[in-house]
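Below is one structure, written out as structure tokens; the observations come after it.
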Amino acid sequence: MKNVILEKVEKLYDEDKYNQIISLIEGFQGYEKDFDLAGQLARAYNNINEYDKAITLLESFKEEGATDPKWVYRLAFACCKGTHEYSKVQKYIEDILEDIPEDNADDEIYKDLSAYLVDCLANDINNISFKKRVEKFWNWFTENEEKLSDMLTKMKAQDKSVDPASITDFTNEGVSLISDKLYFNLGGDFEFTFTCEGNVYLFYLTPYIVSQMPEKFKEKWTFTPFMQGDKSDGFTLKMNDVSVAISDMLVAVDYQSDSDDFNIQFYNEHVCKLGDNDSYHIFFLMMDMVTGEAMSNLYIGTVDKADTKLDNMMPLSDLKQYIIDTLEKNEKQYFDNPQEKYTSFQIELDNDEYSPFRYDVTFGITSFYSLLNGYYSNNNDINLKLLKMGAVAGFLVLINEKGLELGEALNHAQDVSDKIATLTPSIELGRSIGSYIYIDFITYDIKEFLEKIPALLKDYPCKFVFSYYKPFSATIDL
């Protein structure tokens, strides 16, 4: 009988007959104790905006539902779209997203849950802003600088009373005040380098950390936001039972002038005999040491392992200068910070009154293309990583209600952008134009941003709204 009801329910869903679904399930004795029937009933409640009923019913199956994506989705729908009780569902979503089956990673239900998690984190009052996390780190550093300095001095002098691992563990106490996902390297000459480890979003956070360094440490300490690439021919990497000199790792380079990508093939007899995971890991590590993480991010395209030494290969140690020289030869500007390299784009999307913001865009520029691409592909990975560190990706929408000339509206957008940079800790990512003008940014303290910006915007002859960087985000009138 239960299976017959479930079949009828699916047919009624196709016809949007939610009240009939509710009557059908509620007429079945014991439905409130059946996981499948209760789930379908909660789904129907959600569709007629009876969110409290859906939540109450779903919460009676917490133990069974916590590992079921559909149960979590229905609870997220009710809590995020309905009652705005984000704290009720945030942990369930996080747990589900941490354990996505590899074959199901692209399923829409997981993409939708990641969008709901954006809402949860954006409304989490306990989520400390990135600005405040950085302040906590520098307070820790100020209190412990003398101890850390002493440890590094002893390490450089090869004093066996100091274990390098203990220095790392001690420093991690401070860095983890920002995030436990943030990594670093320490040098004996008071060098402190944050590393991005392939995480593109960190290029838009670590420079702010360095910029907040107290003045009194600047003559002694060198803080760097990401690996700069300073290893020369004399460096040898020992890993996975192989020892490889930088000059013995060979690369062949294919430059794509339309995209400024440098596609790489690499070869070293010993490294290439290893399995793919080990050989690629060693090469990427060595390449970052030579070129720096920013160059790897901005200019390295595809990377493939070669089966044999190729005639046009050069030592890896020459790669950085080769890239710089090639860009110069092609009259292209070289950038060493992803925040500063803007890419123009043109798009054409289906757009109607039901489309989210930005689907009207025809062209624009951005310094964070992967974040922009994530918006249009419903991929919230970067968005979530930023939020988990207390930073917010968002955009202002300039709505030209008074019919200003485009040039005048763009001048207002430029003026607003310049003033925001002086008022709040944030960086502009780019702008795009369609029916509206969009100003993209990352703010390091969203509360401060929303408190200060409205007073700035009131003097402009345009309407402004704020949106988080995801489709159909709730907007805030400014």
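Each reported figure results from applying straightforward, stated rules to the coordinates on display, with no laboratory input. Since this is a predicted model, take the numbers as computed values, not measurements. When we count neighbours, we look across all protein chains shown, and the Cβ atoms used for this are built from the backbone with ideal geometry, even at glycine.
Using C-alpha pairs under 8 Å with a sequence gap of at least 6, the mean separation divided by the residue count of the chain gives a relative contact order of 11 percent.
Magnitude of the charge dipole for segment 2-122, about its Cα centre and with charges confined to Cβ atoms of Lys, Arg (+1) and Asp, Glu (-1), is about 540 debye. Ranked for footprinting exposure by Cβ neighbours inside 10 Å, fewest first, 88, 131 give 88, 131. Its DSSP H runs of at least 4 residues, each contributing -39,500 (n - 2.57), put the calculated 222 nm mean residue ellipticity of the chain at -13500 deg cm²/dmol, to the nearest 500. A Förster distance of 30 Å, applied to the separation of the beta-carbon atoms of residue 166 and residue 132, puts the FRET efficiency at 0.60. On the beta carbon distance between residue 269 and residue 23, with R0 = 51 Å, the FRET formula returns roughly 0.10.
In a simple Cβ point-charge model (Lys, Arg +1; Asp, Glu -1; nothing else charged), segment 390-431 has a dipole of about 140 debye relative to its Cα centre. Using alpha carbon centroids, what distance separates segment 360-415 and segment 280-337, in Å? Here the answer is 31 Å between Cα centres.
Beyond 24 Å in Cα-Cα separation lie the following of the pairs 8/33; 181/332; 220/419; 332/388; 131/216: 181/332; 220/419; 332/388.
Database remark: amide H of residue 300 closer than 5 angstrom to the amide H of 262 (H placed geometrically; neighbours at sequence offset of 5 or more, or on other chains; Pro and chain starts carry no H).
Annotation for segment 200-277 versus segment 90-114: alpha-carbon center distance of 32 Å.
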